[in-house]
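To keep things clear, I will list the structure first and then write my remarks on it.
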Amino acid sequence: MTIKIKLFLAVAIVAFLIGISTILSFEGANKIDVHRIPDKWKDVLQKKVNTNNNNNNNNNNNNNNNNNNNNNNNNNNNNQNNNNNNNNNNNNNNNNNNNNNNNKKNNNRGGNPYNKIDEIYYQNEELNIQRSEEVRGAMKYAWEKYKEFAWGQDELQPLTKNYKEWFGLGLTIVDSLDTLKIMNLDKEYKEGRDWVANELKQSKDTGMSISVFETIIRVLGSHVTMYGLTNDEMYLEKAIEIGDLLLYAFPDDHKRPFPASQIRLATHDKTYPGWTGGCVILAEVATLFLEFNELSRISGDPKYKEYSDRVVDALSKMKPNIPGLLPVFLNQDASGFCGSLISVGGLGDSYYEYLLKMWLYTNGEEVYKRLFIESADSIIQHMYKVSPKGDGYITTLDYGSATNKQEHLTCFAGGMFALAAAANITGDDEKSRKYMEVGEKVTKTCVKTYLTSPTGLAPESFHIDPNSGDIRWNGHGTLSWYILRPETVESLFILYRLTGDTQYQEWSWKIFEAIQDVCKKENGYTGLKNVDDRNALDNNQQSFFMAETLKYLYLSFQPSSVIPLDKYIFNTEAHPIPIPNK
């Protein structure tokens with residue numbers, strides 16, 4: 001072989017590898033818009049997945065090795081089809097055990113534990129596009145009906161064609177903006193963005209005391225997310241404005257670290273709920289870490305983070321009877337607990353959720369890791385049960401005893417445990433496998449409550465008989481309503497991204513079909529007062545239906561480049577906050 005031919009072959013191989021590298025980086029080029037791989041490259045990418053392109057001869061591989069100054073790896077294992085050229089380009093180790101020849105179901109691009117869907121997604125691309133477009137259509141329909149009958153108000157009441165007002169902040173508009181942006185509903189997004197810019201007056205006197213917790217996760221969470229997605233300074237200004245108003249919810253003295261439950265934004269008056277005896281609620285006071293830390297990061301003002309740090313510092317020093325499991329009612333000064341109720345559902349849920357997410361957001365801050373592992377291990381030991389029928393669930397504890405009830409709100413924990421497993425927060429592979437097992441089993445039980453319901457929709461809470469394993473939502477203090485909640489489809493989305501198992505997509509689709517069949521009405525979407533009766537409608541199109549439920553359903557049929565899990569953390573209202581330096 002002449003020198004010219006050898007040189008030509010070497011140049012051709014380098015050009016081929018550059019092309020492949022371009023394709024593999026293509027998916028992350030834009031974190032918002034949908035970027036599908038062009039048809040002309042799909043065959044090339046498939047060859048990359050099942051590569052057999054290095055069987056030519058040692059001379060070609062050695063030329064590529066020389067170009068990359070990796071002379072110690074010249075034989076390149078060609079007889080094993082290991083495609084070590086990619087490792088040489090990156091000057092990796094000399095013992096590449098590339099698994100491309102295994103033809104695994106899913107391609108774990110470079111070992112990313114948060115993305116196992118790429119190969120399977122593009123194998124089913126046509127179906128995924130069709131389904132995501134149908135979910136997109138549902139979002140457009142919900143927005144149009146809200147605009148027609150409740151524009152500028154908090155939530156649409158579709159059966160009576162009017163609205164529900166409990167914030168006075170145009171809650172549906174604010175909550176929906178990132179969903180509209182992610183779905184590329186440009187006209188609708190512009191309508192919402194213009195309203196926020198020109199009409200949203202966050203300090204106006206509405207005469208209402210509003211939930212500090214809900215304002216943080218829905219309003220502040222939306223603003224910081226939208227700034228991260230768009231770099232639009234208007235959102236940063238709105239975030240700082242509402243952040244400053246929310247600081248009035250904190251006591252003037254630093255002896256009490258927790259914010260009040262309610263605030264009037266115009267007058268700064270704050271109140272505590274009478275029904276708790278003046279005690280604060282765990283989920284309410286702890287669900288601010290992400291939003292306040294992100295506001296400090298993007299504004300450059302450390303004060304919001306300082307308030308957040310005071311809360312986590314106080315919580316970390318509290319001593320519950322069961323390590324890691326805090327009762328849901330706390331003294332205002334963090335000196336102890338009010339009662340013994342422990343829940344990973346209502347009143348407690350997002351405390352546990354945010355411990356893991358803050359560890360990811362801060363790139364490994366120790367206090368969040370310690371608190372999460374302690375909590376997660378105690379949840380498994382004391383609250384996680386498997387019924388005689390094999391259904392895994394997380395019960396509440398009251399006076400130390402299991403109630404054998406689980407709330408729909410707790411269904412988020414399936415995704416939480418799966419995400420903890422993928423992140424390997426414990427550094428213990430065996431424990432991570434247990435976390436994943438718990439996450440999968442809890443999620444499957446949540447799905448089962450949909451699939452066994454007459455309407456295909458799940459109740460607010462259910463009871464599992466510890467002897468028979470039967471799941472019921474009538475009696476035992478359970479609640480049979482369905483209010484368009486997102487927690488099950490949230491966990492399905494996360495598990496699909498983390499495993500590549502399309503069964504999670506199929507379950508998501510079954511839930512969406514039930515929503516379309518039962519909840520979609522002439523003038524919007526409504527929940528049910530009883531999942532056993534499709535005619536028992538509740539007349540409320542929740543803002544979180546558009547902020548969370550439809551977003552997670554849409555993302556379940558989108559490629560991994562759309563809000564990748566290694567670059568974003570979802571707050572508890574499904575607003576994706578960028579992980580710094582990712």
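The values are calculated or read from the model by the stated rules, or taken from the named source; none is laboratory data. The structure displayed is predicted, hence computed values, not measured ones. Here the Cβ is made from the backbone with ideal geometry for all residues, glycine too, and neighbour counts use every protein chain on show. These area figures cover heavy atoms from the full protein model, side chains too; ligands, DNA and RNA do not enter into them. Shrake-Rupley method; radii C 1.70, N 1.55, O 1.52, S 1.80 Å.
What the table shows:
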| quantity | calculated |
| --- | --- |
| Segment Trp275-Glu144, length gained on full extension (0.36 nm per residue, minus Cα span) | 43.3 nm |
| Per residue accessible area in Å² of region 363-473, where ligands, DNA and RNA are left out and the probe is 1.4 Å | 38 |
| Packing-based ranking, highest mean first, of 413-422, 444-453 given that Cβ atoms within 10 Å are counted | 413-422, 444-453 |
| Accessible carbon and sulfur surface of region 144-205 relative to its total accessible area, %, 1.4 Å | 44 |
| Computed over region 201-321: relative contact order in percent, which uses C-alpha pairs under 8 Å that are six or more apart | 27 |
| Cβ-defined net charge surrounding Asp154, 9 Å radius [Lys, Arg +1; Asp, Glu -1] | -1 |
| Protection proxy ranking of 424-432, 563-571, 174-182, 121-129 - average other beta-carbon atoms within 10 Å, highest first | 174-182, 563-571, 121-129, 424-432 |
| Heavy-atom accessible surface of region 317-430: percent carbon and sulfur, 1.4 Å | 46 |
| Against the rule of thumb 2.2 N^0.38 Å, how large the Cα Rg of region 507-547 comes out | 1.12 |
| Length released on extending from Ile380 to Asp566, taking residue separation times 0.36 nm less the Cα-Cα span | 64.4 nm |
| Pairs of Cα atoms farther than 19 Å apart, region 178-251, % | 35 |
| Region 158-267: chymotrypsin sites (Phe, Trp or Tyr not before Pro) falling in loop per DSSP and having at most 16 other Cβ within 10 Å | Trp166 |
| More than 20 Å apart - percent of Cα-Cα pairs taken over region 280-410 | 45 |
